[in-house]
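A quick write-up on the structure given underneath.
Every number in this text was worked out from the coordinates using simple rules, so none of it is lab data. These figures come from a predicted structure and were not determined experimentally. When we count neighbours, we look across all protein chains shown, and the Cβ atoms used for this are built from the backbone with ideal geometry, even at glycine.
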Amino acid sequence: MTRRLTDRDVRGRNDSAWLIPDGQDRTDHQARAEMRRFADGDELDLVIVGCGAGGSVILQRLARAGWKVAALDAGPFWDPDRDWVSDELASHRLYWTDPRVLAGDDPVPLGSNNSGRGVGGSMVHFAGYTPRFHPSDFKTYTADGVGADWPFAYDELRPYYEQLEAELPVAGQDWPWGDPHSYPHHAHPVGGNGEIFLRGAAAAGITARVGPVAIPNGRFGHRNHCIYRGFCLQGCKVNAKASPLITHIPDAIAHGAEVRAEAMVSAVVLDETGRACGVRYFRGGVEHFQRARMVAVAGYSIETPRLLLLSAERRYPDGLLNNCGQVGRYVMVQGAAQTSGRFDEEIRMYKAPPPEVTSEDFYETDPTKPYQRGFSIQNVSPLPITHAEHVTAQGHWGEVLREYMRDYVHWATLGSLCEFLPLHDNTVTLAEHTDRFGLPVARFAYTQCDNDRLLMGAAQEKMEQILNAAGACEVMTIKRYAHLVGGCRMATNERDGVVDGDLHSFAVPNLLITDGSVLPTQGSANPALTIMAVAARCADRLIAASRAGTHLPRCY
Amino acid sequence: MPFLPPSRRAVTPGGRGRFAGFDVLSELDRWDDVTAGVILARLDPQPDYSFFTPAEQATADALFDRLLAQDKEPKVPVLQLVDQRLALDMTDGWFYEDMPEDTDAWRVTLAALDDDARHKHGAPFHALPWGDQAVLLQGIADAEAWHGLKAGHVWSLWTRYACAAFYSHPWAWNEIGFGGPAYPRGYKNIGVDARERWETPDRVDHDPVGWAERAEQARRSRQALTPSPDDSETDQSQGTLLG
């Protein structure tokens, strides 16, 4: 097993947890006030569009290497004390709520579940699960004849997984699946929902483990200990659950990076030689242009393709980097059916963080099944409004809805993540509809394939089996989706993707894409950790190349 | 904790609930100020209507009462909460390509519902007996298409807004035993059948029967509102719900 990293190891790479306040305030206002600020006319070494999982990690790594970097985000620079609430409905502003058009045979609702806005991105309100992908995820086409192969293998990402698991940090039991590994922090205690999963899995002969969750369990810098309040999806006011806002941004700022919030980028601009030279953006109602020697787009699977399509110009009439028609294609969501079971005991699943227990027993392709690839199962714990959606999805309304809801404390819930396949026609394009800036909004068309439907059915069956084995007297399932990746995928050549394995675009070498949209496949794992790892690898290679003099900027 | 007159303590919608005496507001002084502000605002006197026209208001009021079985006071002011949300255009942003944006979708679907009522019963939706209203609604819930829209998308629009308003209200939390905001207090006793000292056990004092029987009673009371002429169809759909 790998050596446990010490605080000193982590601080040598990322001091964020020691830079946030250690008192009752959650934000270092002085650091933000004194943050380095570049002028639009300054030529940055790199300007990053989007301050989520991908953008923040690149920002922090390059700032440490001495680059002049700034990250622009359309949303606010959150202060958890002031901006976030312990409430389901009022957390609406954490999501991207500008218009988006949903199409296809199986349209995918966006918003709370899979969009982010503001510094920290959607990790601000992700559940906190940070599993690794399995080695098989990097070669599904070769091994299973579906999906796509990555330009690199799992081994390339392993060191970055280890680094980031220490920086977030991740708590969980020793992990037996994929590439077996352990976690820097021990697993958290589980609540009623997790107990039910463990009880049912044991009775059904299924392996389950507590974790992996990006919430420290024990001392870690000035991060406060989790208080098990159950509002991970509403933004962690405690500063316990990891998001780039507290895991990478403080260190980036301390090393001279700028975070420019409330800056809505409207186009990536090329110079006369065809190289990226900066971005146009709106801030305070005024349009600006930020010069830079390299541009990294990290707006995630909907906004990244949208920005490239909005950046169409003379040389790229169908959208920037879209000369081979790959921008906005192969957008993926995971099938995420959730099954709830009713127990005579009180479960009160809203107590404790929603991420608790996982099983990856069904992750890999099983040759005895009629489908390729697989699914994982995890605890989820819907709060009342979301649980009411589960109940209405059964067709219940009126008095039946009310009676099911009065029974809320008796229900436990499992969620599945099914590896839906990357399909050419699942696309982000531009709609006729425009946003308040007058820019066309994204149209997201999604249709499942037969393999997807078979997987979702198999996952539902397995969740029902676990809940029944735990003693449920009734189960109900809602079919839904989770996560987003793809849309500008990595490949070995421009006919199959938009960027290479180092995240440089094939068409414009100093234009990078550094977010979840580059993932060629998605596995059955929550994508946040992998998005960060891919970004950290990209940053390492940028730094190495600049020192070797093969890429801008020069070595400092 | 601000003063609450006794009549405003431990309120549940329609006076129903299984957590006798449980009042989520009794923990108010252990919430943070920002959260307390947004929760207490839901108990404010509601402002005048600004989104719904009078005709839409009447239809929507009846629709929400049926969807949420709000048949007696005290009622969660769902209509007012939805009106405010739509007036501020606080939607989720996304909309189905085969539906208008949410604000327009509400106007279109309420008008269509009222049209159905006038066409089938010769009276506006809000004036129909509950049974007729329930039959109309169950018909939409069971339909594939409705007035050129996907019925499922219409049903989802209605129930999403109704449930978000209703189950964000502290009175609904009192009814279902949910602890509400939990920062900075958090939870100390997690696990099956573990309770905080301020949590109230589920006591079914007014209806001492098991869960299966209670769910069945609820189904029967709702089904009683939607008898024939579509008995066979209704039975079929209920059959799948029982699975």
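Once the Cα-Cα distance is subtracted from the 0.36 nm per residue extended length, the residue A:287 to residue A:314 segment shows a gain of 7.6 nm. Inter-chain Cβ neighbour count for A:230-238, averaged per residue, equals 3 (cutoff 10 Å, partner chain atoms only).
Between residue B:41 and residue A:492, the simple spin-label model (points 7 angstrom out along Cα→Cβ) gives 5.5 nm.
Computed extension length for residue B:20-residue B:217: 68.8 nm, one decimal, from 0.36 nm per residue of separation with the Cα-Cα distance subtracted.
GNM on chain B, alpha-carbon springs under 10 angstrom: the most fluctuating residue among B:47, B:124, B:77 is B:47. Computed from the alpha carbon atoms alone, the convex hull of chain A holds 143 Å³ per residue.
Per-residue mean of foreign Cβ neighbours for B:170-183 is 6 (Cβ atoms of other chains, 10 Å radius).
Counting other Cβ atoms within 10 Å of each Cβ, which trypsin sites (Lys or Arg not before Pro) in segment A:285-374 have at most 15 and sit in a DSSP loop?
Details: sites: A:291, A:293, A:306, A:314, A:315, A:329, A:342, A:348, A:351, A:373; in loops: A:293, A:314, A:315, A:348, A:351, A:373.
Sites meeting the loop and neighbour criteria: A:314, A:315.
The phi torsions of segment A:355-372, fed into the Karplus equation with coefficients 6.51, -1.76 and 1.60 and a -60° offset, translate into couplings of x, 10, 10, 10, 10, 10, 4, 10, 6, 8, 4, 10, x, 7, 9, x, 10, 9 Hz, rounded to whole numbers, with Gly and Pro shown as x. FRET efficiency for the pair residue B:151 and residue A:447, taken as 1/(1 + (r/R0)^6) with r the Cβ-Cβ distance and R0 = 22 Å, rounds to 0.65. Three principal axis extents describe the C-alpha atoms of chain B; from largest down they are 54, 42, 33 Å. About its Cα centre, segment B:20-162 has a charge dipole of approximately 400 debye under the convention of +1 per Lys or Arg Cβ and -1 per Asp or Glu Cβ, with nothing else charged. Put simply, the Cα atoms of segment A:148-271 extend 63, 40, 27 Å along their principal axes, the longest span coming first. Against the main long axis of the alpha-carbon atoms of chain A, helix A:53-64 sits at an angle near 50°. Rounded to the nearest 10 degrees, the angle from helix A:154-167 to the longest Cα principal axis of chain A is 80 degrees. Karplus-based coupling profile of segment A:270-276, in residue order and whole Hz: 9, 8, 5, 8, x, 9, 5, with θ = phi - 60° in 6.51 cos²θ - 1.76 cosθ + 1.60 and x standing for Gly or Pro.
By the beta-carbon count within 10 Å of each Cβ, the least crowded to most crowded order of B:19, A:362, A:420, fewest first, is A:362, B:19, A:420. Specify whether the C-alpha gyration tensor of segment A:328-392 places it in the rounded, prolate or oblate class, a ≥ b ≥ c being the square roots of the eigenvalues: rounded for a/c under 1.5, otherwise prolate if a/b is larger than b/c and oblate if not. Since a/c reaches 1.5 and a/b is larger than b/c, the shape of segment A:328-392 is classed as prolate. Along chain A, counting only GluC sites (Glu not before Pro) with a DSSP assignment other than H, G, I, E or B and at most 12 other Cβ atoms inside a 10 Å radius, the longest segment between sites is A:273-556. Take each residue in A:85-98, count the other chain C-beta atoms within 10 Å of its C-beta, and the mean is 6. Between the amide H of residue A:48 and those of A:70, A:71, A:72, A:296, distances stay under 5 Å, these residues lying 5 or more places away or on another chain, with hydrogens modeled in the peptide plane. Taking the convex hull of the alpha carbon positions in segment A:482-556 and averaging its projected area over all directions gives 5.2 nm². In order along segment B:187-199, the phi-based Karplus estimate (6.51 cos²θ - 1.76 cosθ + 1.60, θ = phi - 60°) of 3J(HN,Hα) comes to 10, 9, 10, 10, x, 4, 6, 9, 10, 6, 5, 8, 7 Hz; Gly and Pro are listed as x. In this simple spin-label model, placing a label point 7 Å from the Cα along the Cα-to-Cβ direction at both residue A:275 and residue B:203 gives a separation of 7.6 nm. Compared with the dominant Cα axis of chain A, that is its longest principal axis, helix A:450-469 is turned about 40°. Put simply, the amide H of residue A:115, placed in the peptide plane, has neighbours under 5 Å in A:96, leaving out anything fewer than 5 places away on its chain. By the rule of a C-alpha distance below 30 Å, with chain neighbours fewer than 8 residues away ignored, the lysines paired with residue B:188 are A:237, A:241, A:351.
Mean residue ellipticity at 222 nm, helices only, the protein assembly as shown: -9500 deg cm²/dmol; runs of at least 4 DSSP H residues each add -39,500 (n - 2.57), and the sum is divided by the number of residues. Simple rule: put +1 on each Lys or Arg Cβ and -1 on each Asp or Glu Cβ in chain B, find the dipole, and look at B:119, B:154, B:47; the Cα lying farthest toward the positive end is B:47.
Which of A:19, A:110 comes first, and how do the rest follow, when ranked by fewest Cβ neighbours within 10 Å?
Details: A:19 19, A:110 22.
Ranked by crowding around the Cβ, least crowded first: A:19, A:110.
The simple spin-label model puts a point 7 Å past each Cα toward its Cβ; for residue B:87 and residue B:127 those points are separated by 2.8 nm.
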